[in-house]
Amino acid sequence: MSVTERPAGAPIPAPVPGHALVPYGQGRIRGLDADALGTHGTAMDRLVALGLPVVPGLTVPTGSAASLGEPDTARAALELVEQLSGRRVGDRSRPLLLRLSASASTEVAGLPPDLAGIGLAPAVTGDLCAVIGREDALHDVWASTLRMTAEYALDVPGAELDDALLDAVSARARADALLAAVARHAGRTYPDDPAEQLALAARAVLARWASPRARRSRRTQGLTADLGVALHVQALRIGPWDRSGYGTAVSRDPDSGRFAPHGSFFRGVRRSTPPPQPPSHPGEPLEELGPAAALLEHSLLTLERHLHAPVRVDFELRDGEIALLSAAAVSRPPLRAAVCLAADLAAEGSLDPEEAVRRVAPGQVQELLHPRLRPAAADEPLVRGLAASPGAAAGPIALSSERALELGAAGTPAVLVAHETTPADVPGMLAAAAVLTGSGGIASHAAVVVRG
């Protein structure tokens, strides 16, 4: 019996309302907007309409989101995603898992994290890890989902879960410890049935969204505390390590502003929004995508022409096939990227020249006139930091304000380097060509002075 078949004699569930499950691309056809589909559902509708490759999935609209916590709706959603992806959860030859995410009608901070690895069970993790080629490839993803589901859907106290994880040193040990904690404190074992897992995950996401902390966060953002969310069920296709992964790409080179896909690619299974990676693990260049890189470039170009803005996409690669997970205009693109895009759109006739000029503010033109560094090919950067103000400078290093004053008086503007600056350092800062501090960030004393 397959994992989606119903045992003989089992009661037939009540039909799921047709509007409760909306496959990606059908929201606009059904007359639904962002209030019902959330920002993610609306974005996926746009991608489908543009003919771009998207991960198979569906949206449960805001008004019906709670129904996904019911077993019948969850099972119907599971079966629909299986049909859309051409795979089945539990199939060891072409494995499929599910990912659950949420989005509101507007961009909002504090959304619940994605829950991935829905459909995993102790009996199948070994086979799926063998397909990927990494022993613990899925356990880190699964442990994250188990942790949130246990606390918010099965009412296992967070402190109990934290205690259970104290001695777990590996991802697999964390998953096993969480399963044992659920069995001890919830009065039931974590279900193996993927539809039951999906229903629990939906309840967990909605409970997290309705928590007092989340409601306070919305109020601080000027949003109603009872703002609803749509739920999104995506296919998570499993494939070999060397032909699978995830990444993020932007359409413009941040330095030159020219159209050139820029980003990183990571092997493995995407748990949620790709986190910032440490310098020791910067990811692989997009060229490592192989033939899929051309389709990614086409997708970015199409989106730029449609949105008239530099764009950012999250994508997934499975068995060499690329699919977009999300796409949006870059809210604050680098200045050169915005200017170059306006010029490109005007040159190809997608934008009137007058409109292209209006897109570039006078202050932006002034900023473009500041000097810039042009490193030689052999130059290696020693450190990277935050640019507190536009421009570039070169000169000998001065380790004190007094030394910067001495060099400036001799006609040699220096670069003042300090851990941090104080008002007493202002004379030396004014005499220096630039200021570099080791702490403080873009709101530090040094940053405020140099911007002034």
* Asked: Per q in 0.22 1/Å, what log10 I(q)/I(0) does a Debye calculation on the alpha-carbon atoms of the range 70-185 return?
  -> -1.30
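With Cβ to Cβ distances under 14 Å as the rule, what net charge do the other residues near LEU286 carry (K, R +1; D, E -1)?
Details: positive: ARG252, ARG267, ARG312; negative: ASP253, GLU284, GLU287, GLU288, GLU297, ASP314, GLU316.
Computed value for this residue: -4.
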* Asked: With the other protein chains left in place, how much accessible area per residue, in square angstrom, belongs to the range 27-170 at a 1.4 angstrom probe?
  -> 39 Å²
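Accessible area per residue, 1.4 Å probe, Å², for the range 179-271: what's the number?
42 Å²
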* Calculated SAXS-style log₁₀ I(q)/I(0) at q = 0.12, 0.13, 0.19 Å⁻¹ - the range 135-238, Debye, Cα scatterers -> -0.47, -0.55, -1.01
* To do: Just order 197-208, 336-347 by mean Cβ neighbour count inside 10 Å, highest at the front, would you?
  => 197-208, 336-347
* **Segments 178-188, 66-76 sorted - mean Cβ within 10 Å per residue, highest first** => 66-76, 178-188
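Can you send over the carbon and sulfur percentage of the accessible area for the chain, probe radius 1.4 Å, protein chains only? Present the calculation step by step, with values, prior to reporting the outcome.
On the way: 12270 of 22630 Å².
Ligands and nucleic acids excluded, carbon and sulfur reach 54 percent.
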* **Viscosity 1.567 mPa s, temperature 4 °C, Stokes-Einstein D of the chain from Kirkwood C-alpha radius, µm²/s** => 52 µm²/s
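If you count only protein heavy atoms with a 1.4 Å probe, what accessible area per residue comes out for the range 297-364, rounded to a whole Å²? Mind dumping the intermediate values first?
On the way: 3200 Å² over 68 residues.
For the range 297-364, the solvent-accessible area averages 47 Å² per residue.
Starting from the Kirkwood Rh over alpha-carbon pairs, what translational D in µm² s⁻¹ does the range 279-416 have by Stokes-Einstein at 37 °C and 0.692 mPa s? The partial results should precede the final answer.
Numbers: Rh = 19.1 Å.
Answer, rounded: 172 µm²/s.
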* **Sorted peptide list for 406-419, 373-386, criterion being average Cβ within 10 angstrom, highest first** => 406-419, 373-386
* Which residues' amide hydrogens lie under 5 Å from the amide hydrogen of TYR24, considering only partners 5 or more residues apart or on another chain, with H built in the peptide plane? -> GLY57, LEU58, THR59
* To do: Based solely on C-alpha atoms, express the radius of gyration and the Dmax of the range 333-376 in angstrom.
  => 12.0, 37
* Quick one: Cα centre-to-centre distance for the range 203-245 and the range 385-436, in angstrom? -> 46 Å
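Can you tell me the mean projection area, over all orientations, of the convex hull of the range 209-266's alpha carbons? Units nm², please. All intermediate terms of the calculation are to be shown ahead of the outcome.
Details: hull surface 30.8 nm².
Approximately 7.7 nm², given one-decimal rounding.
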* Compute the separation of the alpha-carbon centres of the range 284-301 and the range 94-148 and state it in Å as a whole number. => 25 Å
* To do: Report Rg/Rh for the range 22-66, rounded to two decimals, where Rg is the Cα radius of gyration and Rh the Kirkwood radius.
  => 0.94
* Counting only complete DSSP H runs, which helices of the chain cover 15 Å or more along their long axis at the Cα atoms and score a mean Kyte-Doolittle of 1.0 or above? -> 122-132, 335-347
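Determine the equivalent ellipsoid of the range 170-215 by diagonalising the alpha-carbon gyration tensor, then write out the semi-axes as square roots of 5 times the eigenvalues, largest first, rounded to whole Å. All intermediate terms of the calculation are to be shown ahead of the outcome.
On the way: eigenvalues 97, 42, 25 Å².
Rounded to whole Å, the semi-axes are 22, 14, 11.
The values are calculated or read from the model by the stated rules, or taken from the named source; none is laboratory data. As the structure is a prediction and not an experimental result, all values here were calculated from the model. For neighbour counting, all protein chains shown are included, and Cβ atoms are generated from backbone atoms with ideal geometry for every residue, glycine included. Ligands, DNA and RNA are stripped out before the accessible areas are found, and what is left, the full protein with its side chains, is counted by its heavy atoms. Shrake-Rupley method; radii C 1.70, N 1.55, O 1.52, S 1.80 Å.
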